[in-house]
Structure formats: structure tokens, C-alpha cells
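Q: Encoded as C-alpha cells, here's the structure I'll be asking about.
What follows is calculated from the coordinates using simple rules that are stated; it is not laboratory data. Computed from a predicted model, the values in this text were never measured in an experiment. Cβ sites come from the backbone with ideal geometry, for glycine too, and all protein chains shown count toward neighbours.
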Amino acid sequence: MKISVVKNVLDSNNIVARKNREIFKEKGLIALNLISSPGSGKTTLLQKTIDRLNPAHKSAVIVGDLQTTRDAERLEPFAKEVIQINTGMSCHLYANQISESLGQITLKEIDFLFIENVGNMVCPGEFDLGENLKVVLLSLPEGDDKVAKYPTIFRAADIVLLTKIDLMGVLKFDLKRVMADLEKLNSSLKLIKISSESGEGMDEWLNWLKAQRKKSVGVQAKFIPE
Ligand SMILES: Nc1nc2c(ncn2[C@@H]2O[C@H](COP(=O)(O)OP(=O)(O)O)[C@@H](O)[C@H]2O)c(=O)[nH]1
Ligand SMILES: [Mg+2]
């Protein structure tokens, strides 16, 4: 008889994450896990992104914060469905919190599922949620040294968004240093310079998102009669 032992929290998390990924595939949606420090612009970017994806593509958001429903309230006017998870003391979301939330979303109507992870650059990187892609944000005010200081999350990223690019020239920020540090970690990593304020980089980001969805689930957006 084969006895399998779930060794630790990470093992059991990975089992649920795999199931989540199967559900996303079966329901024909793409799931993106947004990871960054608090305040780097995740919620603002999601507001602008979902607004631009509407009405052709429907989005849902699962947002994790230690406390409050503030981000959910900000996203509610844009997304078809929003679930806020309060993690209490936990610095990241777990796959089982995603799987429980999926039960509350009409997945067959959703094209993009955005997961706004709890703001920090360390723990969210360790916990697979079943997402198709990890989107890591770094904002200009955080400084140009952060890629080298937090390499793990940048190594795991499928794309890096350099946010608040409108502040270039206002703040000291050595873009070449960031590019060189990213190149050392992963030379094929895509970086988009973006601003929710000025709109710079938004077209490139939206085109990337649509191309990723096409790659993973096919061309058609799901038509939902209003
Ligand atoms: N200058 C500038 N400020 C931004 C931009 N995006 C967000 N912010 C501001 O940054 C702060 C934190 O944004 P928020 O979206 O809540 O970040 P989150 O904690 O990562 O979700 C807010 O005051 C936003 O108005 C941007 O592109 N440019
Ligand atoms: Mg937020």
C-alpha cells in the first residue's frame, strides 16, 4: 500500500493550488496573481485595467488585505465580481482561500481573474495560488535597489510592471540599475514601464494581458447579455 503524507503547509497548499489551476482551465479564464509592496499601485492599476477591458472582457478580483474592505470597495464599480479576503495576521494569501472564493464567483462568465495579493515582496512568492501568471509590481518611490534586495519574487515573476513611471524625473531612480539587476535574475523577463496616472504603458499591458489569455484559453471573450 502506498502511503502519501502531506508533509507541511506548502505541500497541502500546492495540492489546492493545482486544483485551482484545473478549475481555471476548465472554466476558460486566466488568473493573474499581483504581487508587490503595499502602495505600489496594484488597486489603482486594476481599476484602470478592468475599466479598459470592459465591456468586451469580464473581470473578477480576489483581493487580500490584513484588514478592511477598502480595496474591494474601490474595485467594485469596475469588476463584475469582487471578493475581499481579510487575512488577519497572514502576510500572503493561501490557495484554499482562493478555492473558497471561487465558489462565490460565476466563473463561466469571467475572462480575467485578478488576485491582488497582500502587499509585501516576500511571503506571497512562496505560496502558489494556482494562478497562471505572476505579475510583480515595483513602483518608482520604492527605489532602484529593490530587485537586488528581493530577488526571489523577481525571479518568479512572469512580468514586471515598473509603476508610477510618471514620477521619473521627480524622484531619483536609476532605471539602468533595475534593468541590469533583472537581467542577472532572468534575461527573458518582460518589463513594462507603466503609469495609472498618465496612461503610459497601459496599451502595452492590455495587449500583453489579452495575448496571454489567448495563449492559455483561446480567443473568444465570453459574451454575457446585460
Ligand atoms: N504618481 C502616481 N501615483 C500612483 C499611481 N498609481 C497609484 N498611485 C498612488 O499610489 C498610492 C497607492 O496606490 P494603491 O493602488 O492603493 O496601491 P496598492 O497598495 O499596491 O494597491 C495611491 O495614493 C495612488 O493614488 C501612478 O501611476 N502614479
Ligand atoms: Mg491595494
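Q: Name the long-range amide H neighbours of LYS193: under 5 Å, sequence gap of 5 or more, or other chain; modelled H, no Pro or chain starts.
A: Long-range HN contacts for LYS193: LEU162.
Q: Working out 0.36 nm times the residue gap between SER198 and SER90, then minus their Cα-Cα distance, what length gain in nm do you get to one decimal?
A: Extra length from SER198 to SER90 when fully extended: 35.5 nm.
Q: In straight Cα distance, which aspartates and glutamates are under 20 Å from LYS215, not counting same-chain residues fewer than 8 positions off?
A: Within the straight-line cut-off, LYS215 pairs with GLU22, GLU26, GLU109, ASP111, GLU131, ASP158, ASP203, GLU204.
Q: Taking the Cβ-Cβ separation of ASP174 and GLN67 as r and a Förster radius of 30 Å, what is the calculated FRET efficiency to the nearest 0.05?
A: My answer for the efficiency is 0.30.
Q: Here is a follow-up. Assuming R0 = 35 Å, can you tell me the calculated FRET efficiency for the pair GLU76 and LYS149, based on Cβ-Cβ distance, to the nearest 0.05?
A: It comes to 0.50.
Q: May I ask for the Kirkwood hydrodynamic radius of the range 1-126, worked out over all distinct Cα pairs and given in angstroms to one decimal?
A: So the Kirkwood estimate lands at 15.1 Å.
Q: Would you kindly state the longest site-free stretch of the chain, with sites defined as trypsin sites (Lys or Arg not before Pro) in a DSSP loop (not H, G, I, E, B) surrounded by at most 12 other Cβ atoms within 10 Å?
A: 8-171
Q: Still on this structure: Okay, helix-only estimate at 222 nm for the chain: each DSSP H run of n ≥ 4 adds -39500 (n - 2.57), divide by all residues, round to 500 deg cm²/dmol; what do you get?
A: Estimated from H runs of four or more residues: -10500 deg cm²/dmol.
Q: Determine, from the Cβ-Cβ distance of GLN104 and LYS184 and an R0 of 41 Å, the FRET efficiency 1/(1 + (r/R0)^6), rounded to the nearest 0.05.
A: 0.50
Q: Of the cross-linked pairs LYS48/LYS222; LYS146/LYS190; LYS58/LYS172; LYS27/LYS210; LYS27/LYS134, which ones have a Cα-Cα span greater than 28 Å in the structure shown?
A: Correct reply: LYS58/LYS172.
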